[in-house]
Every structure is written in C-alpha cells, then in structure tokens.
C-alpha cells in the first residue's frame, strides 16, 4: 500500500481562477496537473442559498506537499473559503512512479 500518494480536489469560482491556482501549483511542482470539472453548483453560504457556476480541479500529489498546497491555493484563490480536499488512495505502480517523479 502506498499511503503517501494523495488525490487532491480544489475549488474555484470560474475557469480563469482554476487556471491561476493550478498554474501556481504546477510552477512549484506540487501537483501532477489538473483535470477541470465545470458545473453548476448550489451552496449554503452565510445563511443564503447561492447558485453559481463552479470548477473543481482534480490532481495528484504526495503527502509531503499537503501544507504547501493549502498555502498556495489560499494565496491564489479569491474565495473566502477555498475548498481543498485530500484523499489517500492506493495507485497502481506506474501511477505512483509518475506522481513521485513529477512532484519530487
């Protein structure tokens, strides 16, 4: 089992913001890249229901980069509460090797 590999999901209010965040992370070699999922979203925000477009970026990283990813996302996000979620998973050998060689 390879517990140091993580899947990371990062929120953004639009594609331009998602590009800014992923480019900042890629520039520091903290993630492998980004897959963008754009969709409508509905949130409870400050007691109100808010409808908006939304982008979730999915990528891969290593546990050692977790705190730096959070810092970089907060520095580059316009959101009051950027959603950053990390998930431990067990990659196949080739994926684990690629993640490690990309973000080390």
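The range 86-104 to the range 10-72: how many Å between their Cα centroids?
Each part reduced to its Cα centre gives a spacing of 19 Å.
Just need the relative contact order of the chain here, percent rounded to a whole number, with Cα pairs under 8 Å and 6+ apart.
On the way: 178 pairs, mean separation 46.2, N = 104.
Relative contact order for the chain comes out at 44 percent.
What angle do you read, to the nearest 10 degrees and between 0 and 90, between the alpha-carbon axis of helix 93-103 and the longest principal axis of the chain?
Here the helix axis deviates by roughly 70 degrees.
Could you check which residue among 42, 71, 28 shows the biggest mean-square fluctuation in a GNM of the chain with a 10 Å Cα cutoff?
42
Any chance you could give the angle, 0 to 90 degrees and rounded to 10, that helix 66-76 forms with the longest Cα principal axis of the chain?
Taking the Cα atoms of the chain, the angle to 66-76 is about 40 degrees.
To test your reading of the geometry: what angle, between 0 and 90 degrees and rounded to tens, separates the Cα axis of helix 15-27 from the longest principal axis of the chain?
Rounded to the nearest ten degrees, it is 30.
Just to be sure I understand, if you calculate Rg/Rh (Cα atoms, Kirkwood Rh) for this structure, which of [x] 1.00; [y] 1.05; [z] 0.98 do you get?
So the calculated entry is the one marked [x].
Once you keep just the Cα pairs under 8 angstrom separated by 6 or more residues, what percentage relative contact order results for the range 31-78? Could the numbers behind the result be given before it?
Values: 44 pairs, mean separation 17.5, N = 48.
In percent, rounded to a whole number, it is 37.
How much length is gained if the chain between residue 85 and residue 67 is pulled fully straight, taking 0.36 nm per residue apart and subtracting their Cα-Cα distance, in nm to one decimal? All intermediate terms of the calculation are to be shown ahead of the outcome.
On the way: separation 18, 0.36 × 18 = 6.48 nm, distance 1.17 nm.
Result: 5.3 nm gained on full extension.
Take residue 52 and residue 15, extend 7 Å from each Cα along the Cα→Cβ direction, and tell me the distance between the two endpoints in nm.
Distance between label points: 1.8 nm.
Rule-based calculations on the coordinates, nothing more; no lab input. Bear in mind the structure is a predicted one, so any value in this text is a computation, not a measurement. Reconstructed Cβ throughout: ideal geometry from the backbone, glycine too, with neighbour counts over all protein chains shown.
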